[in-house]
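Enquirer: Quick one: the structure is below, questions incoming.
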Amino acid sequence: MTRASSVEKRGVSIRARVLSVLAAVAFISMGAMGALSYGLGVTTLEEQAFDQLTSIRELKGDRIEDYLQLIVDQMVTLSEDPTVASALREFSGAAEELTRNLSRSGWNRSEGEQELRLYYQDEFLPRLNANLLEPRNLSEFWPEDETGRALQSLYVSSNPYEVGSKHLQDRAPEAAGYNQAHGRYHPIFRSYLERFGYYDIFLVDRESGRIVYSVFKEVDFGTSLLNGPYRDANIADAFRAAVGSGARDFIRVEDFQSYIPSYSDRASFVSSPVFDGNEPVGVLIFQLPIGRINDIMTSGGAWSSMGLGETGETYLVGGDHRLRTESRFLLEDPEGYTAMIREAGVPEPTIRAIESLESAIGLQEIRTEGTELAQRGESGTASFEDYRGVRVFSSFRPLNLPELDWVLMSEIDAAEALQAVAELRVRMMIWLAILIPLLGVLAFWFAGSLTRPIKVLSASAAHLAQGRLDIEVDVTRGDEIGELASSFDQMRRSIQELVDRQARAIDALSTPVIPLRDDAVMVPLVGEMDADRIASTRERLLARIHEWGARVAILDLTGVPDISPEVAEGLQGTARAAQLLGCRVIITGMQAAAAGGLVDAGLELENVHAEGTLQAGFELALRMLEGKYVESESTENGGEGE
């Protein structure tokens, strides 16, 4: 078998296998522990995130519900106050008499209406159209009757205070009886509004539907909610519901919608009927401030302090699936927000409206897994893509509000919630980058320490296979491999002893000393001769000569094809040693090549008798032993006599 085929048959080395197993065990162990740690980290952080979001959800939900309940309680309390009923009667009566009284007091109708028209054109419409995608015109909002125009002229266009501060005027220069009623009741309602943070408070006459009083004096003041320009607005719905209820404690809450008199800002209204004794006289209406609800949901912009991090937010969604509070991302980064919702597929008209109003309330549609579940009355947590197309962790629930089907969403980006796990993954990768080479070095060292003695044993086995039994095996290790090496060395010594015994036995068989009679021996030499074999032969021959007292020794070379100079010297030494013991030496059967070797070596076998055949040698030995040997025979036979 060739070496190449032997290598192919050997296959993968033990070292490679050990390295592979150690690497596999290390990688599987680290991979399993890493996967378990990562999975546990993800699960733990998800649970923590959902728990945190749910806590914030409940806190915000309770605050919104308490706030709306407070409004309802305030509405019921204020609507039952006799002062409100008295104010409604006085304002309604004064409004009916307003035009006639103003004419007597010198109010110029044409000048007043012209001033009011300029207010609409120069103040109201520019501000309104800045918030609309399509501009509106004066005819759509011009008060329907002279009473309404007169009230707006006196308390809006002629009001010396700027827009947003019209409520600071207590009395108009004219207006007779209405001015007296306004001066008496306006400070009360204004104080109430400022104390509780309402956007506006209205008193509406039951019969005409006219807004006979407003704290803030916007362009809805003095108009009729039955046939005026805002008869289709949600404030008119709140009025009609209260008028039609017939119950003192009736409360109607209208959801936020775009409200033209507030420059198309979103407005919600709460209404309750007002009774004077048992007689219904009108309706009390609160215009809810979206800012107050928005502040509750946005924590005044302090999202991080609420535990919502960099991407968490809470917001409200109405039954129409549109926002009722602002998105954190719109408040913090308007351009980034519009870019995200544009990528998420929000229609361009909606995006333009959001950009124009700088608000997404009532515009941004939110249809996610969470809002759908919450609108069906379910509370819970889930992970899904939000209105920006970003995966979030969300906690959601419906709110328990009168007349409002709002749901509350508490959310944070999944990436931020799992940021600690992401950092853990990075740290694990760094540690793996450090540990893998270290484990490789350790595995390489361990595999070497395990396979190195095996290689030594393998080399010893190779030496043993080559017959080199004199090379000892290292048995200094105290482990199982050391025990194996010790056993292997014992086996080597046993084999060596066996070989030595066999060699001696073979040597003894190959060069036996045969006694011919008590005083004569013969040594038949067969095969190739070398110095060791000659020395062994001499040792045995001399021992037998001495032991048996032999006087003649025959060395038969019939079976030796050739004799080297070294062997020749050995034969010469053997003959001399035998002669020193008093034994004559006869060589028989020398081959021609062997004789030529002796001559070429320049050696002479002194006092050694040579015969051509073994039989002749026997005969010569007998004559020598019987004393019949004469020198002439030695001369004739080419030997040397005594």
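Enquirer: Tell me, what is the FRET efficiency for V25 and Q490 to the nearest 0.05, using R0 = 35 angstrom and their Cβ-Cβ distance as r?
Expert: 0.50
Enquirer: V76 to L168: FRET efficiency via 1/(1 + (r/R0)^6), r the Cβ-Cβ distance, R0 25 Å, to the nearest 0.05?
Expert: E between V76 and L168, to the nearest 0.05, is 0.30.
Enquirer: Taking a virtual spin label 7 Å from the Cα of L516 along the C-beta vector, which residues in the stretch 522-545 bring their backbone nitrogen under 12 Å of it?
Expert: Within reach of a label on L516, which here means backbone N under 12 Å from a point 7 Å along Cα→Cβ, the stretch 522-545 contributes 522-524.
Enquirer: For the stretch 80-288, what class follows from the C-alpha gyration tensor (a ≥ b ≥ c being the square roots of its eigenvalues): rounded when a/c is under 1.5, otherwise prolate if a/b is larger than b/c, else oblate?
Expert: Oblate is the answer for the stretch 80-288, as a/c is 1.5 or above yet b/c matches or exceeds a/b.
Enquirer: Related question: Which FRET efficiency value, to the nearest 0.05, is calculated for S110 and S86 with the Förster distance at 41 angstrom and r the Cβ-Cβ distance?
Expert: FRET efficiency, S110 to S86: 0.75.
Enquirer: Measuring from label point to label point, each 7 Å out along Cα→Cβ, what is the E569 to S379 span in nm?
Expert: Each label point is offset 7 Å from its Cα along the Cβ direction, giving 11.5 nm.
Enquirer: Taking neighbour counts of Cβ atoms within 10 Å as a proxy for exposure, in what order, fewest first, do Y315, Y230 appear?
Expert: Y230, Y315
Enquirer: Something else: Fewest Cβ neighbours within 10 Å first, please rank E365, E611, E483 accordingly.
Expert: Going from least to most buried by this count: E483, E365, E611.
Enquirer: Sticking with this one: Working from the alpha-carbon coordinates of the stretch 511-567, get Rg over Rh, Rh being the Kirkwood radius.
Expert: With Rh from the inverse mean 1/r over Cα pairs, Rg/Rh is 0.99.
Read the figures in this text as sums done on the coordinates, not as results from a lab. Predicted model only: the values in this text are computed from it and were never measured. Please note: Cβ atoms are built from the backbone with ideal geometry, for glycine as well, and neighbour counts cover all protein chains shown.
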